[in-house]
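J.: Got a structure for you, questions after.
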Amino acid sequence: MTGSLLEVIALNVRDAVAAEQGGADRLEVVADMAADGLTPSPETVAAIAAECPLPQMVMLRCDANFIADSDVLDRLSRDAKALAQAGAAGFVFGFLDGSGKVDLTATEALIHAVSPLPWTFHRAVDHAADVQASWRAVRLLPNLATVLTSGSPNGVGEGLPVLRARAEAGDGSIILAGGGLKPAHVPALLDYGIRAFHVGSAVRASWSDPVEWRLVRQWRSLVERD
(Lines give C-alpha, C1' and ligand atoms only; values in the text may rest on other atoms or scores of the structure.)
Protein backbone atom coordinates (compact mmCIF):
# COMPACT_ATOMS: atom_id res chain seq x y z
CA MET A 1 0.00 0.00 0.00
CA THR A 2 1.35 3.43 -0.95
CA GLY A 3 0.09 6.30 1.16
CA SER A 4 -2.99 5.75 3.28
CA LEU A 5 -6.27 4.07 2.38
CA LEU A 6 -9.53 5.76 3.36
CA GLU A 7 -12.66 3.62 3.23
CA VAL A 8 -16.08 5.23 3.71
CA ILE A 9 -19.34 3.47 4.52
CA ALA A 10 -21.96 4.12 1.83
CA LEU A 11 -25.62 3.18 2.00
CA ASN A 12 -26.62 4.57 -1.38
CA VAL A 13 -25.50 6.45 -4.50
CA ARG A 14 -25.55 9.83 -2.78
CA ASP A 15 -23.15 8.61 -0.09
CA ALA A 16 -20.86 7.06 -2.68
CA VAL A 17 -20.62 10.18 -4.82
CA ALA A 18 -19.91 12.35 -1.77
CA ALA A 19 -17.21 9.90 -0.61
CA GLU A 20 -15.54 10.07 -4.02
CA GLN A 21 -15.76 13.87 -4.07
CA GLY A 22 -14.11 14.02 -0.65
CA GLY A 23 -11.19 11.83 -1.69
CA ALA A 24 -12.09 8.36 -0.40
CA ASP A 25 -10.22 5.40 -1.89
CA ARG A 26 -12.95 2.81 -1.62
CA LEU A 27 -16.42 2.16 -0.20
CA GLU A 28 -17.88 -0.31 2.23
CA VAL A 29 -21.43 -0.74 0.97
CA VAL A 30 -24.01 -1.86 3.53
CA ALA A 31 -27.67 -1.69 4.45
CA ASP A 32 -29.31 -1.11 7.85
CA MET A 33 -26.75 0.57 10.06
CA ALA A 34 -29.10 0.07 13.01
CA ALA A 35 -27.88 -3.54 12.84
CA ASP A 36 -24.24 -2.47 12.31
CA GLY A 37 -24.40 -3.15 8.59
CA LEU A 38 -26.16 -5.90 6.63
CA THR A 39 -26.07 -7.11 3.03
CA PRO A 40 -27.27 -4.45 0.58
CA SER A 41 -29.30 -5.22 -2.52
CA PRO A 42 -27.69 -5.89 -5.91
CA GLU A 43 -29.71 -2.94 -7.19
CA THR A 44 -27.93 -0.61 -4.76
CA VAL A 45 -24.52 -1.91 -5.81
CA ALA A 46 -25.37 -1.59 -9.50
CA ALA A 47 -26.68 1.95 -9.01
CA ILE A 48 -23.49 2.97 -7.21
CA ALA A 49 -21.32 1.34 -9.88
CA ALA A 50 -23.12 3.35 -12.55
CA GLU A 51 -22.36 6.68 -10.83
CA CYS A 52 -19.13 6.16 -8.89
CA PRO A 53 -15.86 4.47 -9.91
CA LEU A 54 -14.66 3.69 -6.37
CA PRO A 55 -14.22 -0.01 -5.54
CA GLN A 56 -17.11 -1.39 -3.51
CA MET A 57 -16.37 -3.76 -0.64
CA VAL A 58 -19.85 -5.17 0.00
CA MET A 59 -21.11 -6.51 3.32
CA LEU A 60 -22.27 -10.14 3.50
CA ARG A 61 -24.25 -10.43 6.73
CA CYS A 62 -27.85 -11.50 7.37
CA ASP A 63 -28.39 -10.19 10.88
CA ALA A 64 -26.69 -8.43 13.77
CA ASN A 65 -24.51 -11.29 14.97
CA PHE A 66 -21.47 -13.25 13.80
CA ILE A 67 -23.03 -16.73 13.59
CA ALA A 68 -23.53 -18.50 10.25
CA ASP A 69 -25.28 -21.86 9.89
CA SER A 70 -25.62 -23.73 6.59
CA ASP A 71 -28.79 -21.84 5.62
CA VAL A 72 -27.10 -18.48 6.19
CA LEU A 73 -24.06 -19.55 4.19
CA ASP A 74 -26.23 -20.72 1.31
CA ARG A 75 -28.05 -17.40 1.29
CA LEU A 76 -24.87 -15.34 1.49
CA SER A 77 -23.23 -17.38 -1.28
CA ARG A 78 -26.19 -16.65 -3.56
CA ASP A 79 -26.08 -12.99 -2.55
CA ALA A 80 -22.36 -12.81 -3.32
CA LYS A 81 -22.86 -14.06 -6.86
CA ALA A 82 -25.56 -11.49 -7.57
CA LEU A 83 -23.58 -8.68 -5.92
CA ALA A 84 -20.43 -9.54 -7.88
CA GLN A 85 -22.42 -9.39 -11.10
CA ALA A 86 -23.78 -6.01 -9.99
CA GLY A 87 -20.29 -4.57 -9.53
CA ALA A 88 -18.86 -5.56 -6.15
CA ALA A 89 -15.06 -5.42 -6.08
CA GLY A 90 -14.84 -7.50 -2.91
CA PHE A 91 -16.74 -8.47 0.22
CA VAL A 92 -16.82 -7.99 3.97
CA PHE A 93 -17.65 -10.92 6.27
CA GLY A 94 -16.37 -13.11 9.08
CA PHE A 95 -17.88 -15.52 11.57
CA LEU A 96 -17.51 -16.81 15.11
CA ASP A 97 -18.78 -20.12 16.46
CA GLY A 98 -20.80 -20.60 19.61
CA SER A 99 -17.68 -20.67 21.77
CA GLY A 100 -16.38 -17.36 20.42
CA LYS A 101 -13.68 -18.82 18.18
CA VAL A 102 -13.26 -17.85 14.55
CA ASP A 103 -15.55 -20.16 12.59
CA LEU A 104 -13.04 -21.27 9.99
CA THR A 105 -15.44 -23.68 8.29
CA ALA A 106 -18.03 -20.98 7.66
CA THR A 107 -15.49 -18.31 6.76
CA GLU A 108 -13.59 -20.56 4.35
CA ALA A 109 -16.85 -21.62 2.69
CA LEU A 110 -17.67 -18.01 1.91
CA ILE A 111 -14.10 -17.27 0.80
CA HIS A 112 -14.55 -20.06 -1.73
CA ALA A 113 -17.92 -18.65 -2.80
CA VAL A 114 -16.53 -15.15 -3.49
CA SER A 115 -13.20 -16.27 -5.00
CA PRO A 116 -11.20 -14.81 -6.70
CA LEU A 117 -12.41 -11.49 -5.24
CA PRO A 118 -10.67 -10.13 -2.13
CA TRP A 119 -12.45 -9.79 1.17
CA THR A 120 -12.25 -8.07 4.54
CA PHE A 121 -12.71 -9.91 7.84
CA HIS A 122 -14.94 -7.56 9.77
CA ARG A 123 -15.14 -6.74 13.46
CA ALA A 124 -16.03 -10.24 14.57
CA VAL A 125 -12.32 -10.48 15.35
CA ASP A 126 -12.78 -7.92 18.14
CA HIS A 127 -15.58 -9.98 19.72
CA ALA A 128 -13.72 -13.29 19.81
CA ALA A 129 -13.19 -15.04 23.14
CA ASP A 130 -9.43 -15.10 22.53
CA VAL A 131 -8.38 -12.14 20.40
CA GLN A 132 -4.81 -13.33 19.83
CA ALA A 133 -6.00 -16.76 18.71
CA SER A 134 -8.56 -15.16 16.40
CA TRP A 135 -5.84 -13.08 14.74
CA ARG A 136 -3.62 -16.14 14.28
CA ALA A 137 -6.51 -17.87 12.52
CA VAL A 138 -7.63 -14.95 10.36
CA ARG A 139 -4.25 -13.76 9.08
CA LEU A 140 -3.60 -17.12 7.35
CA LEU A 141 -6.85 -17.15 5.35
CA PRO A 142 -6.56 -16.82 1.54
CA ASN A 143 -7.37 -13.67 -0.48
CA LEU A 144 -7.61 -11.59 2.69
CA ALA A 145 -7.35 -7.87 1.88
CA THR A 146 -7.83 -6.26 5.28
CA VAL A 147 -9.15 -6.89 8.78
CA LEU A 148 -11.64 -4.28 9.96
CA THR A 149 -10.83 -3.89 13.63
CA SER A 150 -10.99 -1.41 16.47
CA GLY A 151 -8.95 -3.61 18.78
CA SER A 152 -11.87 -3.74 21.23
CA PRO A 153 -15.64 -4.36 21.13
CA ASN A 154 -15.93 -0.89 22.63
CA GLY A 155 -14.12 0.96 19.86
CA VAL A 156 -10.72 2.23 18.84
CA GLY A 157 -10.37 4.40 21.94
CA GLU A 158 -10.10 1.30 24.13
CA GLY A 159 -8.46 -0.84 21.48
CA LEU A 160 -5.33 1.19 20.75
CA PRO A 161 -3.04 -1.08 22.82
CA VAL A 162 -4.28 -4.15 20.91
CA LEU A 163 -3.88 -2.41 17.55
CA ARG A 164 -0.35 -1.41 18.49
CA ALA A 165 0.47 -4.99 19.53
CA ARG A 166 -0.97 -6.40 16.30
CA ALA A 167 1.03 -3.90 14.23
CA GLU A 168 4.21 -4.76 16.14
CA ALA A 169 3.47 -8.45 15.47
CA GLY A 170 3.59 -7.74 11.74
CA ASP A 171 -0.11 -7.29 10.99
CA GLY A 172 -0.04 -3.54 10.37
CA SER A 173 -0.36 -3.94 6.61
CA ILE A 174 -3.73 -5.71 6.87
CA ILE A 175 -5.29 -3.64 9.66
CA LEU A 176 -8.22 -1.46 8.59
CA ALA A 177 -8.78 0.67 11.69
CA GLY A 178 -12.43 1.47 12.29
CA GLY A 179 -15.24 1.37 14.80
CA GLY A 180 -15.48 4.49 16.90
CA LEU A 181 -12.47 5.94 15.08
CA LYS A 182 -11.89 9.60 15.96
CA PRO A 183 -9.43 12.16 14.59
CA ALA A 184 -7.50 12.09 17.85
CA HIS A 185 -6.69 8.40 17.31
CA VAL A 186 -5.08 8.85 13.90
CA PRO A 187 -1.61 10.13 14.88
CA ALA A 188 -1.00 7.15 17.16
CA LEU A 189 -2.23 4.70 14.52
CA LEU A 190 0.07 6.25 11.93
CA ASP A 191 2.92 5.95 14.42
CA TYR A 192 2.13 2.23 14.75
CA GLY A 193 2.47 1.87 10.97
CA ILE A 194 -1.26 1.48 10.31
CA ARG A 195 -2.24 3.10 7.02
CA ALA A 196 -5.84 2.01 6.36
CA PHE A 197 -8.80 3.77 7.96
CA HIS A 198 -12.56 3.12 7.93
CA VAL A 199 -15.15 5.81 8.72
CA GLY A 200 -18.93 5.91 8.79
CA SER A 201 -20.67 8.12 11.33
CA ALA A 202 -17.60 10.37 11.41
CA VAL A 203 -18.38 11.71 7.93
CA ARG A 204 -22.06 12.46 8.48
CA ALA A 205 -24.10 14.41 11.03
CA SER A 206 -25.94 11.21 12.04
CA TRP A 207 -26.67 7.83 10.51
CA SER A 208 -29.93 9.22 9.13
CA ASP A 209 -27.98 11.91 7.25
CA PRO A 210 -25.93 11.47 4.07
CA VAL A 211 -22.14 11.43 3.81
CA GLU A 212 -20.72 14.96 3.68
CA TRP A 213 -17.89 15.31 1.19
CA ARG A 214 -16.24 18.09 3.21
CA LEU A 215 -15.92 15.77 6.22
CA VAL A 216 -14.45 13.07 3.98
CA ARG A 217 -11.95 15.65 2.71
CA GLN A 218 -10.94 16.45 6.28
CA TRP A 219 -10.29 12.76 6.96
CA ARG A 220 -8.35 12.45 3.72
CA SER A 221 -6.00 15.19 4.89
CA LEU A 222 -5.80 13.76 8.38
CA VAL A 223 -4.77 10.23 7.41
CA GLU A 224 -2.12 11.52 5.01
CA ARG A 225 -0.45 13.66 7.64
CA ASP A 226 3.09 12.64 8.55
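The values are calculated or read from the model by the stated rules, or taken from the named source; none is laboratory data. Remember, predicted model here, so these are calculated numbers, not experimental data. Quick reminder, even Gly has a Cβ in these numbers, built from the backbone with ideal geometry, and neighbours come from all protein chains shown. Just the protein is used for accessible areas: all its heavy atoms, side chains included, with ligands, DNA and RNA removed. Shrake-Rupley method; radii C 1.70, N 1.55, O 1.52, S 1.80 Å.
J.: Of 33, 46, 120, whose Cα points farthest to the positive end of the dipole of region 28-166 (charges on the beta-carbon: +1 Lys, Arg; -1 Asp, Glu; origin at the Cα centre)?
T.: Final value for the positive-end residue is 120.
J.: Give, rounded to the nearest 20 debye, the magnitude of the charge dipole that the chain has about its Cα centre when Lys and Arg contribute +1 at Cβ and Asp and Glu contribute -1 at Cβ.
T.: I would put it at about 460 debye.
J.: Something else now. Among 112, 127, 122, what's the order by accessible area (1.4 angstrom probe), most exposed first?
T.: Values: 112 145, 127 85, 122 10 Å².
Order by accessible area, largest first: 112, 127, 122.
J.: Sticking with this structure for a sec: Return the whole-Å distance between the Cα centroid of region 145-191 and the Cα centroid of region 64-86.
T.: The two parts, judged by their Cα centres, are 27 Å apart.
J.: Along the positive direction of the dipole of the chain (beta-carbon charges: Lys, Arg +1; Asp, Glu -1; about the Cα centre), which of 10, 157, 208 reaches farthest?
T.: Most positive-ward Cα: 157.
J.: If you stretched the chain out fully between residue 221 and residue 99, how much longer would it get, using 0.36 nm times the residue separation minus the C-alpha to C-alpha distance?
T.: 39.8 nm
J.: Whole-Hz ³J(HN,Hα) for each residue in region 116-123, computed from phi via Karplus 6.51 cos²θ - 1.76 cosθ + 1.60 with θ = phi - 60°, x for glycine and proline: what do you get?
T.: x, 6, x, 8, 10, 7, 8, 5
J.: Sort 44, 149 by heavy-atom solvent-accessible area, probe 1.4 angstrom, most to least.
T.: So, going from the largest accessible area down, we get 44, 149.
J.: What are the residues whose amide H is under 5 Å from the amide H of residue 38, where those residues sit 5 or more places off or on another chain and H is modelled from the backbone?
T.: Sorted by chain and number, the residues that satisfy this are 31, 32.
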